[in-house]
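Encoded as structure tokens, the structure appears first; notes follow it.
Please treat every number below as a calculation from the coordinates, not as lab data. Just so it is clear, the structure is predicted and the values come from calculations on it, not from any experiment. Neighbour counts are summed over all protein chains in view; Cβ atoms, including those assigned to glycine, are modelled from backbone coordinates with ideal geometry.
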Amino acid sequence: MDPVLVLNQSSKLSRFRTFPFLKLLRFVAPILAVHDLLLTAATVVPLHISPNKMTFQKQAHLWFQYDSLWFIQIGRYGYGSIPGIHSLGATAFFPLVPLLTHVFGKWTMLVLEQIIMGLVLILLSGFFRRIGLSEKRSRIAVWLFAVNPASIYYTTIYAEPWTVLFGLLSLQSASKQRWWIAAIWGAGASLTQGTGIVLGLFPLVLFIRSIIRRDTRYVWSSLVWGVGYAIGLGLYMTYLLVRFHQPLAFSTTQTTFWGAHWAAPWVPIRQLLLWDVFGHHKFTTLLTACILTIAIGIFALWTKLSSSDSWELLGARWYVAVGFLISISFIPGTNLPLHSAVRFATVYFPVYGGIALAFNKRLIWGVFLLFALVAAIGAALFSHGLWFQ
């Protein structure tokens, strides 16, 4: 065989291997595979089926449980028309995921969620590099997100993966100064769930920083960006006003229908102490360890990275701090300690960068195993109709 021909073919193969798509595939494939295998394995664990059935719980199976069923029902019947449910009960669920479920159907949505998860992993890697993490620490942070304690909710029909996706797309567009596109993604984020609105802290931080620095260019840019989040929420409020004459129904129904309430951040801590976290319920001990790890990650994000000129890092710091307070202050339904706090906290994605910075190699393996263990237990509980976060 002609040596020149062999060299040319080898050169072409080398270029093919360095094609950006293949690089991304090699990065995402093993992480996504571990994520899905962990949750799938946990799903087949034999557990008894929960006797506490919702009105439409008979439709529950595998990863279609709890909020997934609400999204499916809203997509099928619309708000206020679900059989056996109070007219305002479903308004607590923001409209983007039900709309997508209506368009694609539940099984296509389940497949789509896996694709979304892959995109999120890619975007997360870029985000962590932009705020100053090394390639190694960025990779660790992405792995931690993939096995986060509430991983099951990033694999089935829930709002969490969409919130993170639109938030990251909005940030990426803003980092490239494509402010109108960032605003559109921001509007999408605020239509996923209530915590999607908290992403508006990024343009708010940029706005305040620009005012302080008298940088008029970024003042107007951040306003354009921030308006996107307001428009998304405004669209849903307008619908609620026209449909139910209650533009804030998504908030008021949390108390009237779901029994949720706000409390001071120290209330859950007091609940844990009264609950006897180390003796009464072993799983609560694991959840407490997750919350403490997240808190350490937030502290590290504020202290481990040197103060730079990055507005994105500054926004990330405030985003995780405020988000964490919201997570432990909003108590839905019951007074169980950490009722949904861990699940809420996992959405604030910059925290995984902080965790990657906070722990050395040996300890980070401990965090990885803790997260994976809780994720597996949670997936087993959830997929069998038992309550988890």
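Counting only DSSP H runs of at least 4 residues, each contributing -39500 (n - 2.57), and dividing by the residue count of the chain, the helix-based mean residue ellipticity at 222 nm comes to -22500 deg cm²/dmol.
Of Ile85, Ile291, Ile212, the residue with the greatest mean-square motion in the GNM of the chain, using alpha carbon springs below 10 Å, is Ile212.
Taking every C-alpha pair closer than 8 Å and separated by at least 6 residues, the mean separation divided by the residue count of the chain gives a relative contact order of 23 percent. Sites counted here are trypsin sites (Lys or Arg not before Pro) in a DSSP loop (not H, G, I, E or B) having no more than 12 other Cβ atoms within 10 Å; the longest part of the chain that contains none of them is 215-389. With R₀ fixed at 35 Å, the C-beta to C-beta distance from Trp266 to Leu99 puts the FRET efficiency at about 0.35.
Counting other beta carbons within 10 Å of each Cβ, put Thr288, Thr252, Thr192 in order, fewest first.
Final ranking by Cβ density, sparse to dense: Thr252, Thr288, Thr192.
A dipole drawn for segment 3-383 from +1 and -1 charges on Cβ atoms has a positive end, and of Trp266, Trp180, Ala375 the residue lying farthest that way is Trp180.
Under the rule a/c < 1.5 gives rounded, and otherwise a/b versus b/c splits prolate from oblate, where does segment 3-383 land using the Cα gyration tensor?
Rounded is the answer for segment 3-383, as its axis ratio a/c remains below 1.5.
At full extension, Leu112 and Ile231 could sit 40.3 nm farther apart than now, given 0.36 nm per residue minus the alpha carbon distance. Ordering Met109, Met237 from the fewest to the most neighbouring beta carbons within 10 Å gives Met237, Met109.
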